[in-house]
Amino acid sequence: MMFYWSLCVEYMKNYAKTRLTYRADFWIEVLSDILFQGLNLIFILIVFQHTPSLGGWSEAEVVFVYGFFMIPYGVFGTFFNLWSFSERYIVKGEMDRILTRPAYNLYQIVLENIDPPSIFGSIFGAVIMIISWSQLGLPFEALDALMLVVFTVGAVMIYAGLYTALTAISFYSDAPTGILPLMWNIQNYGRYPINIYNKTIRFLLTWLLPFAFVGVIPASYFLDRHEEGLTTLALFTPVVGIVVLVIGITIWNHGVKRYRGAGS
Amino acid sequence: MNSAYLDLIRIRFLMMLAYRVNYYSGIIIYAINIGAYYFLWEAIFGEQTVMGGFTLAQMTTYVAVSWMARAFYFNNLDREIASEIRDGSVAIQFIRPYSYLLVKMMQGFGEGIFRLLLFMVPGLIIVCLLFPVTLPTEPGVWVLYFVMLVFSFLINSQINILTGLFAFFVENNEGMLRMKRVLVDLFSGVVVPISFFPGWLAVTMKWLPFQAITYLPSSVFTGRTAGDEALRVLGVQVIWFLVLIIPILLVWRQARYRLFVQGG
């Protein structure tokens, strides 16, 4: 445990050193990150110019869900930046280097690709959430703060599990998949009221690709939206997180065994 | 000489064909994506029958065809060019007896044709079966649409080439590429049709090339733009295609004096 902690510290130091050489890039990345996420906020704002409610949810509520959605996503993005895993580790064979070292392979890969600018997305999201929190006049209790942490951890585990599993596809198929960007699009539907979708998509977003658990379901706990048992479902966020993460890591570990290294 | 360019299209097409299996999963994910969008718009419309000049049926068609068209015109030429400039392999391209920019264009086109045949067409069929999409009945509209689609590709690729070439002038244009992607997705009308934009923004868009990528052709496809008006918007596309050649050639001329390879 100590060993893994010290590894983490060393990688962080390393990251800071490389980054300090290109300081301007850091801020450009932060800005473009937020702009990328902001696209969905612009969508929401434009749409609500034409309609007072979305499936019974007001603009402030939808914006609140949007703000909440960004918090776990930012944390996840900071630690999980494996979008080019297949190119870098499989095609170029860098996985060889990882596997010869005595620490858990996924842990090393995650630390090598750490991306701290993403955390600004969380901050941006938190600010939006606080603004709509006061707009909606919701009470704030100590329990809410605790639940926010619990939900964030749960949601991050869901992301981590799902994307670990999807990244592990590279072990089974040698071709670039292009599934990740598409998945990224689907994930965005987790931030709209789940009741607007039909049964199939609702089921898909709740249980198969549980993106509703990273956005609208936990957020509804704070908004007190009881319909269809949303607030009760919210309490299961950490459970879903653990299950998804375990599945993801199992698929990953199984995949690593199939890794053969690239000849070049 | 021309046959060399045709061969480039063919090679890229075959290269993509090697990875076709992944595209089948891609189609399913795309269909889910369009499905989620459909329900989202259904909820946005709620009781209203016409919004931003669209009926719900037109909106469904617009969303389906816009996302499918995006599969055709979308390419990563900007990233490819930027990375070739960064790793210096563009220097080799300078010596070769062909136009580098045309080569890139052709490679993008090969990729586009591949996605048109193996992604867009089957995808559109599936989406038509699942959702109430109304296809145009007049053959003339189809012909016009496909002509406009080619111009979507050309204009989008021109914008990509232009942003990619900026790698000659700045050392790291990653942030710029991402911002461009957000701007194109938003302003081309894939995310929200331009007629939904607040007045001042909609007016600004009329003077920018982005609308020519998605909004204009999709409007023709949904039948909102017909007759002489349809020919006029085709004219807008042609004009933008011609106008955009100028900055590309200027930047390209300047760039050749500035090539400076980092590392190597």
Q. So which helices (runs of 4 or more DSSP H) stay within the range A:1-82 end to end and still have 2 or more residues that are under 23 Å from residue A:245 (Cβ atoms) and touching a Leu at 6+ places or on another chain (Cβ under 9 Å)?
A. A:2-21, A:59-79
Q. What single numbered condition from (1) surrounded by fewer than 17 Cβ atoms within 10 Å (Cβ to Cβ); (2) touching a residue at least 40 places away in the same chain (Cβ under 8 Å) fails to hold for residue B:65?
A. (1)
(Q) I'd like to verify a number: residues in the range B:48-57 that are surrounded by fewer than 20 Cβ atoms within 10 Å (Cβ to Cβ) and more than 9 Å from chain A (Cβ to nearest Cβ), how many? (A) 6
Q: Kindly list the number of the only condition in (1) open to solvent by less than 20 Å² (accessible area, probe 1.4 Å); (2) more than 9 Å from chain B (Cβ to nearest Cβ); (3) under 17 Å from the mean Cα position of the chain (by Cα) that fails for residue A:38.
A: (2)
Q: Could you pull out every one of the helices (runs of 4 or more DSSP H) wholly within the range A:88-180 that has 2 or more residues that are small (Gly, Ala, Ser)?
A: A:119-135, A:142-172
Q. Are any of the residues in the range A:127-150 touching a Pro at 6+ places or on another chain (Cβ under 7 Å) and either of a type outside the set (Gly, Ala, Ser) or open to solvent by 20 Å² or more (accessible area, probe 1.4 Å) (or both)?
A. yes
Q) Is there a residue being open to solvent by less than 30 Å² (accessible area, probe 1.4 Å), within 14 Å of chain B (Cβ to nearest Cβ) and over 29 Å from residue A:167 (Cα atoms) anywhere in the range A:75-87? A) no
Q | the range A:63-74 - residue that is buried (at least 24 other Cβ atoms within 10 Å of the Cβ) and aliphatic (A, V, I, L, M) and, of those, farthest from the other protein chains (Cβ to nearest Cβ) | A | A:71
Q | Count of the range A:1-29 residues which are more than 9 Å from chain B (Cβ to nearest Cβ) and open to solvent by less than 90 Å² (accessible area, probe 1.4 Å) | A | 13
**Q.** Residues located in the range B:243-260, provided they are of a type in the set (A, V, I, L, M, F, W, C) and either part of a loop (DSSP other than H, G, I, E, B) or without any contact (Cβ under 8 Å) to a residue 40 or more places away in the chain (or both)
**A.** B:243, B:246, B:249, B:250, B:259, B:260
Q: Taking the options B:18, B:43, B:36, B:71, name whichever one is within 13 Å of chain A (Cβ to nearest Cβ), free of Cβ contacts under 8 Å to residues at least 60 places away in the same chain, surrounded by fewer than 19 Cβ atoms within 10 Å (Cβ to Cβ) and of a type outside the set (Val, Ile, Thr).
A: B:18
Q | Answer residue from the range B:183-196, given it is at the interface with another protein chain (Cβ under 7 Å from one of its Cβ atoms) and open to solvent by less than 10 Å² (accessible area, probe 1.4 Å) and is nearest to residue B:259 (Cα to Cα) among those | A | B:192
Q. Of the residues that make up the range A:192-199, is at least one more than 14 Å from every other protein chain (Cβ to nearest Cβ), open to solvent by 20 Å² or more (accessible area, probe 1.4 Å) and in a helix (DSSP H, G or I)?
A. no
Q. Looking at the range B:90-123, which of its residues are within 29 Å of residue B:25 (Cβ to Cβ) and polar (S, T, N, Q)?
A. B:107
Q: Return a yes/no flag: does the range A:46-59 have any residue that is at pLDDT below 85 and either loosely packed, with under 13 Cβ neighbours inside 10 Å or of a type in the set (D, E, K, R) (or both).
A: no
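The values are calculated or read from the model by the stated rules, or taken from the named source; none is laboratory data. Bear in mind that the values here come from a model prediction, so they are computed numbers and not experimental data. Quick reminder, even Gly has a Cβ in these numbers, built from the backbone with ideal geometry, and neighbours come from all protein chains shown. Side chains included, ligands, DNA and RNA excluded: accessible areas come from the protein's heavy atoms. Shrake-Rupley method; radii C 1.70, N 1.55, O 1.52, S 1.80 Å.
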